[in-house]
Amino acid sequence: MIRALVAGQPQLKCFELHLSLRGEPSQSYSSYFGIIRDLMGLRNLETLKLKISLPLSLTEPQVEEMGVSWPSMRILELDTASIYGARIEGEDRASQNSLSLLPCLLRSLPRLKELRVPFTYDEPLAAPQEECGGSALRFLDLKLCPEPNSNASPEQ
């Protein structure tokens with residue numbers, strides 16, 4: 001379905017998909033990034049909002065691939081909740097995106113103004129090791145980002 005849409009509407013600028021998968025994911029929708037990859041043919045995409053009941057775990061190479069595919073991306077919203085409000089089973093493992101991925105997202109998608117992605121972190125935030133120079137980001141929603149480990153000292 002998604003591949004046919006991309007082939008038929010390659011100039012699409014905005015795409016929003018709510019997909020609640022019950023039970024085991026089908027082979028055509030085996031991973032969240034698989035769905036993202038199917039959308040990479042939409043080279044003019046400026047807004048992408050996905051709410052899919054699959055675990056989301058992005059790597060730096062995947063984020064860089066997104067940046068190459070969508071140089072005009074301005075709004076990116078990725079969520080793992082189902083459209084019915086129920087969280088996917090094992091929600092605590094659903095978001096595996098370390099907050100350290102943020103500089104890569106900003107570097108790879110330099111026109112990004114709004115970002116809503118579930119992140120995780122196990123320790124207090126430190127200053128970024130790299131600059132995100134020239135970022136257009138104006139709105140950041142960390143979604144279900146949990147509190148840092150309560151055993152960590154505030155000085156860290």
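Give the range 17-40 a look and list any residue that's modelled with pLDDT of 80 or more and either farther than 14 Å from residue 73 by Cβ or crowded, with 17+ Cβ neighbours inside 10 Å (or both), or say none.
Within the range 17-40, 17, 18, 19, 32, 33, 34, 35, 36, 37, 38, 39 qualify.
Taking the range 41-58 only, how many residues are open to solvent by less than 60 Å² (accessible area, probe 1.4 Å), within 19 Å of residue 100 (Cβ to Cβ) and in a loop (DSSP other than H, G, I, E, B)?
Number satisfying all stated conditions: 1.
Looking only at the range 59-72, how many residues end up being crowded, with 21+ Cβ neighbours inside 10 Å and part of a loop (DSSP other than H, G, I, E, B)?
1
Scan the range 139-152 residue by residue and report those that are modelled with pLDDT under 80, surrounded by 13 or more Cβ atoms within 10 Å (Cβ to Cβ) and aliphatic (A, V, I, L, M). Before the answer, list the steps.
From the range 139-152, those modelled with pLDDT under 80 are 142-152; that's our starting set.
Those still in the list that are surrounded by 13 or more Cβ atoms within 10 Å (Cβ to Cβ) too: 142-146, 148.
Within the range 139-152, 142, 144 qualify.
So which residues in the range 86-138 are modelled with pLDDT under 75, out of contact with any Ser or Thr (no Cβ under 6 Å at 6 or more places or on another chain), open to solvent by less than 70 Å² (accessible area, probe 1.4 Å) and under 23 Å from residue 16 (Cα atoms), if there are any at all?
Once the filter is applied, which keeps residues that are modelled with pLDDT under 75, out of contact with any Ser or Thr (no Cβ under 6 Å at 6 or more places or on another chain), open to solvent by less than 70 Å² (accessible area, probe 1.4 Å) and under 23 Å from residue 16 (Cα atoms), the range 86-138 yields 86, 91.
The values are calculated or read from the model by the stated rules, or taken from the named source; none is laboratory data. Because the structure is predicted, anything quoted here is derived from the model rather than measured. When we count neighbours, we look across all protein chains shown, and the Cβ atoms used for this are built from the backbone with ideal geometry, even at glycine. The area values use the complete protein model at the heavy-atom level, side chains included, leaving out ligands, DNA and RNA. Shrake-Rupley method; radii C 1.70, N 1.55, O 1.52, S 1.80 Å.
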